[in-house]
1. Return the residues of the stretch 68-95 that are part of a loop (DSSP other than H, G, I, E, B) and in contact (Cβ under 8 Å) with a residue 12 or more places away in the chain; say none if nothing qualifies.
2. Would you check which residues across the stretch 100-120 are buried (at least 17 other Cβ atoms within 10 Å of the Cβ) and more than 30 Å from Ile23 (Cα to Cα) and list them?
3. Quick check on the stretch 135-142. Is at least one of its residues in contact with a Pro (Cβ under 8 Å, 6 or more places away or on another chain), within 30 Å of Tyr80 (Cβ to Cβ) and either touching a residue at least 12 places away in the same chain (Cβ under 8 Å) or buried (at least 19 other Cβ atoms within 10 Å of the Cβ) (or both)?
4. Are any residues in the stretch 38-67 over 18 Å from Arg15 (Cβ atoms) and assigned to a helix (DSSP H, G or I), and if so, which ones?
5. Can Leu37 be described as farther than 30 Å from Asn137 by Cα and buried (at least 19 other Cβ atoms within 10 Å of the Cβ)?
6. Limited to the stretch 168-190, what total is found for residues that are crowded, with 16+ Cβ neighbours inside 10 Å and either among the small types (Gly, Ala, Ser) or under 30 Å from Arg15 (Cα atoms) (or both)?
Amino acid sequence: MLQEDVKNLLLKTARDMIECSLIDDGSCEKKILSSELVYRRYPELFDHCGVFVTLKISDPVVGEGLRGCIGSIIGRESLYEGVKRFSSEAAFNDPRFNPVTEDELSWITIEISVLTPPERALSTDDIVLGQDGVILNYQGRVAVFLPQVATEEGWDKATMLQHLSLKAGLPEDTWKDPDCFFTIFQAEIFSEEE
């Protein structure tokens, strides 16, 4: 479990990265703490673990919904560097959405999911809805849902697995194929809303 001040630092860093990409007024270098300073103060941020940055929008005109989500299941860089990179990626490079604009910033809430290492599920019975993130693998096709997705969407397990199959570009009942396998992971999830 991450301490509250570490969570707050990661959320602030994610927002600063997005703001600095949109509004570079010369203050960005001062806003975003150097990695060396952060690691000295919070050594746990040097750990390599999977992380996703999710952007949600609540705009009175456009409505509410997902605005971007990018990350990595496997930590290939430190948690701090991952949050810095994926906050910008989620805001500007999620292929499902147009890049975030300056006008949208005040309507966006940032959520960060820090992941445990994935483990192979023996069957879909091993998947605990709302607790486990799920990775579907089938003939080279892969799709992932974070633990909170099924709960937020109000899906039961079968519906979640159908949507996961579709997300992988497969027929919705592919999850039932014996050659389809699943990997699960858990996440510590925190957001600016808390």
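Just so you know, all these numbers are worked out from the coordinates, no wet-lab data involved. Computed from a predicted model, the values in this text were never measured in an experiment. So basically every Cβ, Gly included, is an ideal-geometry build from the backbone, and we count neighbours across all protein chains shown.
1. Going residue by residue through the stretch 68-95, those that are part of a loop (DSSP other than H, G, I, E, B) are 73-77, 93-95.
Once the filter is applied, which keeps residues that are part of a loop (DSSP other than H, G, I, E, B) and in contact (Cβ under 8 Å) with a residue 12 or more places away in the chain, the stretch 68-95 yields Ile73, Ile74, Gly75, Arg76, Glu77, Asn93, Asp94.
2. Leu115, Pro118
3. Step one: of the stretch 135-142, the residues in contact with a Pro (Cβ under 8 Å, 6 or more places away or on another chain) are 135.
Applying the additional criterion that residues be within 30 Å of Tyr80 (Cβ to Cβ) yields 135.
Of the ones still in play, those that are also either touching a residue at least 12 places away in the same chain (Cβ under 8 Å) or buried (at least 19 other Cβ atoms within 10 Å of the Cβ) (or both) are 135.
Looking for residues that are in contact with a Pro (Cβ under 8 Å, 6 or more places away or on another chain), within 30 Å of Tyr80 (Cβ to Cβ) and either touching a residue at least 12 places away in the same chain (Cβ under 8 Å) or buried (at least 19 other Cβ atoms within 10 Å of the Cβ) (or both), one finds at least one in the stretch 135-142, hence yes.
4. Narrowing the stretch 38-67 to residues over 18 Å from Arg15 (Cβ atoms): 39-41, 43-44, 46-50, 60-65.
Across the stretch 38-67, the qualifying residues are Tyr39, Arg40, Arg41, Pro43, Glu44, Phe46.
5. Working: farther than 30 Å from Asn137 by Cα: yes; buried (at least 19 other Cβ atoms within 10 Å of the Cβ): no.
Here the answer is no, as Leu37 does not meet what is asked.
6. Residues flagged as crowded, with 16+ Cβ neighbours inside 10 Å and either among the small types (Gly, Ala, Ser) or under 30 Å from Arg15 (Cα atoms) (or both) within the stretch 168-190 amount to 7.
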